[in-house]
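Read-outs: derived from the displayed coordinates by stated rules, not from any lab. Just so we're clear, the structure is a prediction, and the values are computed from it rather than from any experiment. All Cβ positions, glycine included, derive from the backbone under ideal geometry; neighbour counts span all protein chains shown.
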Amino acid sequence: MRRLFALPPRLGGLGIVDPHSLTCELEYSKLICAPLVNRIVQQETNLDNVPTKQNSMKASIRQQKHLAQKSHSEITVNDLSVELKRSVELACEKGASCWLTAIPLEQHGFTLHKSAFRDALCLRYGWHPSNLPDICPCGSKFSVDHSLSCPTGGYPSIRHNEVRDLFTNLLTEVCHDVHKEPVLQPLNGEVFQKRCTTSDENARLDIAVSGFWGGHFQRTFFDVRVFNPNASSYKSVQIPSLYKRQEQEKKRRYEERINNVELSSFTPIILACTGGCSKLTSIFLKRLASLLSEKHHTEYSTTINWLRCRLSFALLRACVMCLRGCRSKLHRTSRDFNVLLEAAESRL
Ligand SMILES: [Zn+2]
């Protein structure tokens with residue numbers, strides 16, 4: 001585990017470097033300083049080329065370090081158990097480690113209290129968090145995987161709605177005609193080729209906007225799904241196939257109806273609760289970041305990083321809530337409140 005923690009977060013580690021392994025740092029420092037040292041020794045006053053030489057040396061050292069980290073990571077991950085290997089694979093996904101590398105800025109919501117941070121580490125490495133109940137109020141045995149999918153208390157829905165609301169707010173900034181939970185047009189005998197396509201009268205998706213993928217009148221519907229890749233039914237499935245399967249499922253259900261009846265396009269937004277996302281979702285995030293950076297005149301790289309961090313914290317907070325949230329006797333009207341309602345009714 002210590003060797004794993006020494007890896008950078010993007011390779012599944014925590015970036016806690018082992019000082020014993022830093023044998024080349026002095027050599028690197030000497031190489032970067034060499035152009036400046038030579039000028040000083042030769043007593044030259046012209047320092048014009050020094051920053052350029054130093055920058056190219058820094059880039060080449062960075063490249064060497066990346067290669068060394070990659071081979072180090074391959075050796076380390078090979079020694080891990082099957083479960084931990086899968087956890088590391090999930091942690092290596094784009095956006096899954098943003099919460100570890102973000103500057104803890106409170107105004108952006110990039111902070112976690114200490115228990116949430118410990119729980120987040122447990123979720124990252126598949127460890128068992130401390131002080132969990134043995135039995136869930138729904139009657140099943142309580143475990144991390146159960147907590148992430150148990151509907152008692154409504155936490156998986158809160159997790160879904162948090163992501164939906166985040167994207168709705170951001171899309172409002174860059175698109176027009178943004179609707180949350182739009183109801184699809186009723187059908188008048190239309191027949192679909194795919195049998196799974198919904199013909200539900202009250203079918204509704206998560207978000208509809210105009211002008212996201214193309215011109216002002218081009219409408220796009222989005223539907224969000226947040227799933228637990230470690231759920232027992234998914235554990236034996238390869239991670240890329242999992243995303244593909246979820247994407248296909250959503251497309252089979254909605255795409256044909258949206259294309260043929262609404263004359264619009266459909267983009268499923270598929271996210272793993274560990275922070276990763278499907279290929280289409282990644283393209284969606286890039287497009288959203290590019291529209292936001294255009295509107296606010298910010299760098300694309302800064303915007304996409306901010307967006308990934310925002311999403312990472314939203315998912316993480318929701319997962320910690322699934323794990324620690326109170327599930328017993330929730331959503332029942334309390335006796336005191338019933339008395340208050342009766343009093344109000346009698347006054348009417
Ligand atoms: Zn339960």
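Which of Lys94/Lys244; Lys180/Lys235; Lys58/Lys85; Lys58/Lys279; Lys250/Lys295; Lys94/Lys194 have a Cα-Cα distance over 22 Å? Before the final figure, lay out each step's value.
Numbers: Lys94/Lys244 16 Å; Lys180/Lys235 33 Å; Lys58/Lys85 32 Å; Lys58/Lys279 33 Å; Lys250/Lys295 31 Å; Lys94/Lys194 33 Å.
In this structure, Lys180/Lys235; Lys58/Lys85; Lys58/Lys279; Lys250/Lys295; Lys94/Lys194 lie more than 22 Å apart at Cα.
Taking region 201-243 and a reference point 7 angstrom along Cα→Cβ of Asn188, the backbone N atoms nearer than 17 Å belong to 201. The mean sequence distance of close C-alpha pairs (under 8 Å, at least 6 residues apart), as a share of the length of the chain, puts its relative contact order at 17 percent. Applying the criteria of a DSSP loop state and at most 11 other Cβ atoms within 10 Å to the GluC sites (Glu not before Pro) of region 17-57 yields Glu44.
Size of the chain from its Cα atoms: along the principal axes, largest to smallest, the extents are 93, 54, 48 Å. With R₀ fixed at 30 Å, the C-beta to C-beta distance from Glu83 to Asn131 puts the FRET efficiency at about 0.85. Compared with the direct C-alpha span, the chain from Thr198 to Ile32 gains 53.5 nm at full extension, assuming 0.36 nm per residue. With the chain treated as a Gaussian network of Cα nodes joined by springs under 10 Å, which of Arg39, Arg324, Arg253 yields the largest mean-square fluctuation? Of Arg39, Arg324, Arg253, the Gaussian network model singles out Arg39 as fluctuating most. Just checking the listed ones, Ser29, Ser71, Ser143: in the Gaussian network model of the chain with Cα springs under 10 Å, the one fluctuating most is Ser29. Annotation for Val50 and Ser346: the two label points, set 7 Å from Cα along the Cα-Cβ direction, are 8.7 nm apart. Its relative contact order, with pairs defined as Cα atoms under 8 Å and 6+ residues apart, puts region 144-324 at 24 percent. Taking 0.36 nm per residue of separation and subtracting the current Cα-Cα distance, fully stretching the chain between Asp18 and Lys94 would add 24.9 nm. Please grab the % of Cα pairs in region 2-79 that end up more than 16 Å from each other. Everything past 16 Å amounts to 60 percent.
Once both labels are positioned 7 Å from their Cα atoms along Cα-to-Cβ, the gap between Asn338 and Gln42 label points is 9.1 nm.
As a rough guide to protection, the peptides 2-13, 76-87 ranked by mean Cβ packing within 10 Å, highest first, stand as 2-13, 76-87. Taking the Cβ-Cβ separation of Glu249 and Arg324 as r and a Förster radius of 22 Å, what is the calculated FRET efficiency to the nearest 0.05? Efficiency for this residue pair is about 0.15. Highest GNM mean-square fluctuation among Lys141, Lys30, Lys250, for the chain modelled with Cα contacts below 10 Å: Lys30.
How would you rank 284-297, 177-190, highest first, on the average number of other Cβ atoms within 10 Å across their residues?
Per-residue mean Cβ counts within 10 Å order the peptides as 284-297, 177-190.
Can you tell me how region 144-324 classifies by the Cα gyration tensor, rounded, prolate or oblate, using a/c under 1.5 as the rounded cut? Because a/c hits 1.5 or more and a/b fails to exceed b/c, region 144-324 counts as oblate.
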